[in-house]
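Working notes, beginning with the structure itself.
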Amino acid sequence: MKNVALFTWTNTEYEDVFPVYFGGIEKYFSQLEKSYVAINALSEVIDDQHLQLVNDEQNSYAERILGCLDAIEEEYIIYAQEDFMLYDKVPTREFNKALNFLKKNEEFSCVKLLRSGADTLEEKLATNIYKSCDYYSAVHQVSIWKKDHLVKIINLLNPVQLRNFEYAGGASRVMHQLGYQSAFYFHESSPHRGGHFDSKAYPYIATALIKGKWNTAEYQKEIDQLAEEYSIDINQRGTL
């Protein structure tokens, strides 16, 4: 998978879940060739195959993430966070539908790899690819981004904190001001779960932690399986 890298935004306060997250990447995403981790301090829990990009928590979110993105040489990044845990193999054919669409369509900035509850199927753009709801064009879920588009959006929005990126549709609004568009991947067999649909292109828990607690309310089976595999006591963090 050339010119594409995984970009994980995280913090050392989640070191206890790193074995699950990174273990899933290594087990289920064998096609991946490059991985970067944006983190507040070096973590010994993370293997050397994931390049750690240390950022200063005293700086704004914009300064921190832009500094990390500047160190990435690939044109396309897969945005993720430590609680977006894979529970099945990433199918190359389905993943490439999203990636190839993004490569072929200049005006599109990103392809989200799951469908939110607000996204409709009114505008089909390609096989399993649809136009995103305007308000949720740019979100903190697994998405393939054109790195240069994301950099421009963050520069203009200049979010102080991570939550300011999505808040009130801020990043989505800036996208449209720049003339950028967003799409999402959806397979008709994907079951509805909570406020979204499961992804057949990147089968992950969205999200495994809510306010620091395990999201067993929506992902009981998947979290129980991961807890057993990685010897995680989910009671330490608590559950929903």
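May I ask for the Kirkwood hydrodynamic radius of the chain, worked out over all distinct Cα pairs and given in angstroms to one decimal?
18.1
Ranking 39, 210 by Cβ neighbours within 10 Å, fewest first, what do you get?
Details: 39 23, 210 13.
Arranged by neighbour count, lowest to highest, 39, 210 become 210, 39.
Assuming 0.36 nm per residue, please report the length gained on full extension of the stretch residue 225 to residue 47 beyond their Cα-Cα distance.
61.8 nm
For the chain, calculate the relative contact order in percent as a whole number, restricting contacts to Cα pairs under 8 Å that are 6 or more residues apart.
So the answer I get is 21 percent.
How would you rank 2, 146, going from fewest to most other Cβ atoms within 10 Å of each one's own Cβ?
Listing 2, 146 from fewest to most nearby Cβ atoms yields 2, 146.
Which percent, to the nearest 5, of DSSP beta bridges fully inside the chain are antiparallel?
The antiparallel proportion sits near 45 percent.
Counting helices only, and only those DSSP H runs with n ≥ 4, report the 222 nm mean residue ellipticity of the chain as the sum of -39,500 (n - 2.57) divided by its residues, in deg cm²/dmol to the nearest 500. Write out the running numbers ahead of the final one.
Working: 7 runs with 71 residues, N = 240.
Estimated from H runs of four or more residues: -8500 deg cm²/dmol.
For region 103-240, what D do you get in µm² per second when you plug the Kirkwood radius from alpha-carbon pairs into Stokes-Einstein at 25 °C and 0.890 mPa s?
151
Using Cβ contacts closer than 10 Å as the measure, can you line up 121, 86, 209 from fewest to most?
With the sparsest Cβ surroundings first, the list reads 121, 209, 86.
Quick note: the coordinates plus some simple rules give every number you see, no bench work behind them. On a predicted model such as this, the values are computed, not experimentally measured, just so you know. Cβ: placed from backbone, ideal geometry, glycine included. Neighbour counts: every protein chain shown.
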